[in-house]
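Engineer: I am attaching a structure below and will ask some questions about it afterwards.
The values are calculated or read from the model by the stated rules, or taken from the named source; none is laboratory data. Computed from a prediction, not measured in an experiment: that's the story for all the values here. Quick reminder, even Gly has a Cβ in these numbers, built from the backbone with ideal geometry, and neighbours come from all protein chains shown.
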Amino acid sequence: MAETKMAETKKAETKFAEEEEILEEVTEDSSPDVDIPWLVKKVTDYCEAQAGIKLHPYQREFAEAVVESIILNDGEEFTALFSRQSGKTEAISVIASGMVVIIPLLAALPKFAKLLKPYKDGIWIGIFAPSVEQAYTTFSRIRNRIVSKHAQMILSDPEIGVTLDKYANPMILSNGSIVQMHSAAKQAQIESKTYHWLILEECQDIDKMKIQKSIHPMSAAVNGTIVKIGTSNNQICDFLETIRRNKRMDIENSRKRGYRRKHYEYDYKVAMKYNPLYKKFIEKEKRRLGEDSDAFRMSYKLEWILERGMFVSPEMLDKIEDRGLKHMESCKDYCVAGIDCGKRNDSTVVTVAKVDWDHVEVNEVTGERRPKKAVINWLELLGDDYEAQYHQIIEFLRNYNIKCIYIDSTGVGTPIADRLANDLYGIAEVIPYSFNTSSKSYLWKHLYTEISSGRLTICAHAKTRSLRSYRKFREQMESLQKEYKGQNMVCQAPPDDRDAHDDYCDSLGLCVLASDHDAMPVIEEMPNIFFGPGR
């Protein structure tokens with residue numbers, strides 16, 4: 001027993017000696033200029049030494065990127081997509097527990113005073129998660145690192161002299177540093193705080209509007225660093241959008257000297273290399289869940305299975321876009337239209353498509369004929385002045401050789417449909433389409449078939465992509481969520497986002513129905529032995 005205690009004491013003394021050596025190297029004022037890569041390395045070394053933990057290479061890579069951003073106060077936004085239980089929270093807790101101590105200490109030295117001026121009164125960290133319980137996981141780990149016997153021995157050194165003045169939330173250190181956790185639930189009131197470093201845990205489950213409207217502005221006054229951490233799921237969210245943005249940025253700047261990437265992604269295969277126990281667990285999970293199961297693919301392979309929860313993926317939309325096709329303000333070819341009538345805060349949207357009857361696919365079994373069609377323009381009308389909207393719709397449609405119109409006849413759409421049918425009699429066939437669970441399910445399934453088969457294309461010329469209507473179309477299509485209720489496919493804009501709409505999606509579905517309205521199956525007559533003179 002005594003030998004064990006002596007070994008632990010010796011180990012702690014060794015760590016403490018390493019700590020003092022790092023501190024002496026960092027605080028030595030031998031040069032008026034600051035070598036940033038050197039400082040980043042030394043600060044990260046300090047954080048590891050204070051925590052008594054050596055980060056794995058992939059954790060260290062991510063940690064150094066965050067440390068550099070905070071030192072430079074550059075306001076960068078990082079994303080970390082880690083396999084479950086692979087050490088993302090551990091990496092954060094190690095560097096956060098050290099940063100709240102070392103950064104204000106360095107800011108007080110003449111050598112670093114200018115560089116680290118924003119942190120002279122402490123570094124302020126805000127931790128956010130979908131629930132308080134999830135935020136507490138990171139918060140408690142940071143606190144446990146600070147109050148550990150090993151860390152307290154270091155913090156009590158006269159050269160550091162930092163104490164933990166408040167243990168509960170918010171955690172406050174004697175040098176002015178603060179660590180506070182928050183719930184990022186939609187109903188949580190979290191405005192009015194200011195932080196140098198925002199940590200968003202399980203970011204894939206945090207409401208997009210909450211992130212952009214309530215959390216992001218908390219770093220505005222101090223140009224704070226934002227770190228979004230999470231794993232994959234089956235919904236488009238702010239986390240995924242930020243990952244895509246960071247990946248594009250990393251590709252564009254990959255050859256720039258000194259560029260440190262913004263997205264860090266490590267699946268289970270990376271974690272297995274450094275943790276034998278993790279490897280054993282993963283092998284069991286493969287047997288329990290199946291390597292191709294949704295749960296394993298999202299939690300460990302880091303695959304976003306958007307086809308499970310989203311109507312279409314951005315990649316599917318990219319495939320059906322025709323970058324050579326401009327939007328058309330008029331067209332004499334065979335055209336159809338779909339009209340979704342706005343209700344309350346929604347817009348009325350008209351989608352026009354050109355139908356190519358020279359290229360028709362025929363189902364050999366059913367005889368159904370499906371022509372290729374291309375969306376060539378949109379019209380969006382805001383407000384509830386339906387009389388004014390009606391005349392604008394008529395003026396818009398006059399520019400096209402419209403042969404069939406499918407219109408949402410639910411609610412306010414009924415009188416508009418009747419009026420259109422009367423005014424366009426003999427010119428275009430107007431089909432009222434009442435929205436209910438069953439009819440909308442048919443609409444969505446039919447639309448998905450046309451998209452996946454490649455029979456539907458969207459105009460996406462450079463000039464078209466600059467249109468507000470095109471951007472809104474893409475935005476609504478990419479955010480359209482789907483689920484099955486029995487045999488019915490139910491699609492809608494994200495219900496937790498008050499600013500989300502699906503008017504362009506409904507209008508597109510109606511337009512596609514109109515394009516196939518005349519595509520009747522070919523009926524073939526054959527003799528029937530059950531009927532005839534011989535019976």
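Engineer: For ASP506, are the conditions met, namely being in the same structural domain as TYR334 (by TED's automatic domain parsing), among the acidic types (Asp, Glu) and modelled with pLDDT under 85?
Structural biologist: Numbers: in the same structural domain as TYR334 (by TED's automatic domain parsing): yes; among the acidic types (Asp, Glu): yes; modelled with pLDDT under 85: no.
Here the answer is no, as ASP506 does not meet what is asked.
Engineer: Considering the range 348-368 alone, what residues qualify as being at pLDDT 90 or above and either acidic (Asp, Glu) or assigned to a loop (DSSP other than H, G, I, E, B) (or both)?
Structural biologist: Taking the range 348-368 and keeping what is at pLDDT 90 or above, we get 348-356.
Across the range 348-368, the qualifying residue is only ASP356.
Engineer: Shifting gears a bit: Quick one: what pairs do we get from the range 382-398, first residue under 23 Å from ASP333 (Cα atoms), second assigned to a helix (DSSP H, G or I) and modelled with pLDDT of 90 or more, C-beta under 6 Å, 6+ apart or different chains?
Structural biologist: none
Engineer: What residue, among those in the range 399-414 that are touching a residue at least 24 places away in the same chain (Cβ under 8 Å) and not in a strand (DSSP E or B), is surrounded by the fewest Cβ atoms within 10 Å (Cβ to Cβ)?
Structural biologist: Going through the range 399-414, the residues touching a residue at least 24 places away in the same chain (Cβ under 8 Å) turn out to be 399-413.
Keeping just the survivors that are not in a strand (DSSP E or B) gives 399, 409-413.
On the way: ASN399: 15, SER409: 20, THR410: 18, GLY411: 13, VAL412: 17, GLY413: 23.
Among those that are touching a residue at least 24 places away in the same chain (Cβ under 8 Å) and not in a strand (DSSP E or B), it is GLY411.
Engineer: Only strands (runs of 3 or more DSSP E) wholly contained in the range 122-209 count here; list those with 1 or more residues that are in the same structural domain as LEU105 (by TED's automatic domain parsing), surrounded by 15 or more Cβ atoms within 10 Å (Cβ to Cβ) and without any contact (Cβ under 8 Å) to a residue 40 or more places away in the chain. It would help to see each step written out before you state the result.
Structural biologist: Details: elements: 124-129, 164-166, 171-173, 178-183, 197-200.
It comes to 164-166, 171-173.
Engineer: Quick check, is ARG455 in contact with a Lys or Arg (Cβ under 9 Å, 6 or more places away or on another chain) and surrounded by 14 or more Cβ atoms within 10 Å (Cβ to Cβ)?
Structural biologist: Details: in contact with a Lys or Arg (Cβ under 9 Å, 6 or more places away or on another chain): yes; surrounded by 14 or more Cβ atoms within 10 Å (Cβ to Cβ): yes.
Yes, satisfied.
Engineer: Further question on the same structure: Could you list all residues from the range 50-63 that are free of Cβ contacts under 8 Å to residues at least 40 places away in the same chain and not basic (Lys, Arg)? Let's see the steps before the verdict.
Structural biologist: Step one: list which residues in the range 50-63 are free of Cβ contacts under 8 Å to residues at least 40 places away in the same chain, which gives 54-55, 59-60, 63.
Residues satisfying the conditions are LEU55, GLN59, ALA63.
Engineer: Now for a separate question. Can we say GLU265 is outside any helix (DSSP H, G or I) and of a type in the set (Asp, Glu)? Lay out the reasoning, then the answer.
Structural biologist: Working: outside any helix (DSSP H, G or I): yes; of a type in the set (Asp, Glu): yes.
Yes: the conditions hold for GLU265.
Engineer: Residue check, THR79 against (1) at pLDDT below 95; (2) outside any loop (DSSP other than H, G, I, E, B); (3) not aliphatic (A, V, I, L, M), all met but one. Which one?
Structural biologist: If we test THR79 against (1) at pLDDT below 95; (2) outside any loop (DSSP other than H, G, I, E, B); (3) not aliphatic (A, V, I, L, M), just (1) comes out false.
Engineer: Tally up the residues in the range 290-303 that are touching a helix residue (DSSP H, G or I) at 6+ places or on another chain (Cβ under 6 Å) and either in contact (Cβ under 8 Å) with a residue 24 or more places away in the chain or assigned by TED's automatic domain parsing to the domain that holds GLU202 (or both), please.
Structural biologist: Pass one, the range 290-303, residues touching a helix residue (DSSP H, G or I) at 6+ places or on another chain (Cβ under 6 Å): 295-296, 300, 303.
Narrowing the set further to residues that are either in contact (Cβ under 8 Å) with a residue 24 or more places away in the chain or assigned by TED's automatic domain parsing to the domain that holds GLU202 (or both) leaves 300, 303.
Qualifying residue count for the region: 2.
Engineer: Going by the conditions given, is VAL352 over 18 Å from the mean Cα position of the chain (by Cα), crowded, with 17+ Cβ neighbours inside 10 Å and touching a residue at least 12 places away in the same chain (Cβ under 8 Å)?
Structural biologist: Yes: the conditions hold for VAL352.
Engineer: Within the range 453-464, is even one residue under 16 Å from LEU510 (Cα atoms), β-branched (Val, Ile, Thr), assigned by TED's automatic domain parsing to the domain that holds GLY342 and over 27 Å from the mean Cα position of the chain (by Cα)?
Structural biologist: Pass one, the range 453-464, residues under 16 Å from LEU510 (Cα atoms): 455-458.
Subset that is β-branched (Val, Ile, Thr): 457-458.
Pick out the ones that are also assigned by TED's automatic domain parsing to the domain that holds GLY342 and you get 457-458.
After this cut, where a residue has to be over 27 Å from the mean Cα position of the chain (by Cα) as well, the list is none.
Looking for residues that are under 16 Å from LEU510 (Cα atoms), β-branched (Val, Ile, Thr), assigned by TED's automatic domain parsing to the domain that holds GLY342 and over 27 Å from the mean Cα position of the chain (by Cα), one finds none in the range 453-464, hence no.
Engineer: Mind checking whether some residue in the range 165-181 is at pLDDT 90 or above and within 17 Å of GLU202 (Cα to Cα)?
Structural biologist: Within the range 165-181, one or more residues are at pLDDT 90 or above and within 17 Å of GLU202 (Cα to Cα).
Engineer: Counting just the residues of the range 462-486 that are of a type in the set (Gly, Ala, Ser) and in a helix (DSSP H, G or I), which one comes out surrounded by the most Cβ atoms within 10 Å (Cβ to Cβ)?
Structural biologist: By that ranking, first place goes to SER479.
Engineer: Which condition does ILE320 not pass, out of (1) within 23 Å of GLN476 (Cβ to Cβ); (2) loosely packed, with under 15 Cβ neighbours inside 10 Å, if it passes all the others?
Structural biologist: The number of the failed condition is (2).
Engineer: Taking ARG255, is it assigned to a loop (DSSP other than H, G, I, E, B), at pLDDT 90 or above, out of contact with any strand residue (DSSP E or B) (no Cβ under 6 Å at 6 or more places or on another chain) and basic (Lys, Arg)? Before the answer, list the steps.
Structural biologist: Values: assigned to a loop (DSSP other than H, G, I, E, B): yes; at pLDDT 90 or above: no; out of contact with any strand residue (DSSP E or B) (no Cβ under 6 Å at 6 or more places or on another chain): yes; basic (Lys, Arg): yes.
No; evaluated as a whole, the condition is false for this residue.
Engineer: So which residues in the range 371-393 are within 26 Å of SER466 (Cα to Cα) and in a loop (DSSP other than H, G, I, E, B), if there are any at all?
Structural biologist: Those that are within 26 Å of SER466 (Cα to Cα) and in a loop (DSSP other than H, G, I, E, B): LEU382, GLY383.
Engineer: Another question about this same structure. What is the number of the single condition among (1) among the hydrophobic types (A, V, I, L, M, F, W, C); (2) under 30 Å from GLN476 (Cβ atoms); (3) surrounded by fewer than 17 Cβ atoms within 10 Å (Cβ to Cβ); (4) modelled with pLDDT of 90 or more that ILE243 does not meet?
Structural biologist: (3)
Engineer: So which of GLU202, GLU265, GLU191 is among the charged types (D, E, K, R) and at pLDDT below 90? Don't jump to the end; show me each part of the working.
Structural biologist: On the way: GLU202 fails: at pLDDT below 90; GLU265 fails: at pLDDT below 90.
That would be GLU191, the only listed residue that is among the charged types (D, E, K, R) and at pLDDT below 90.
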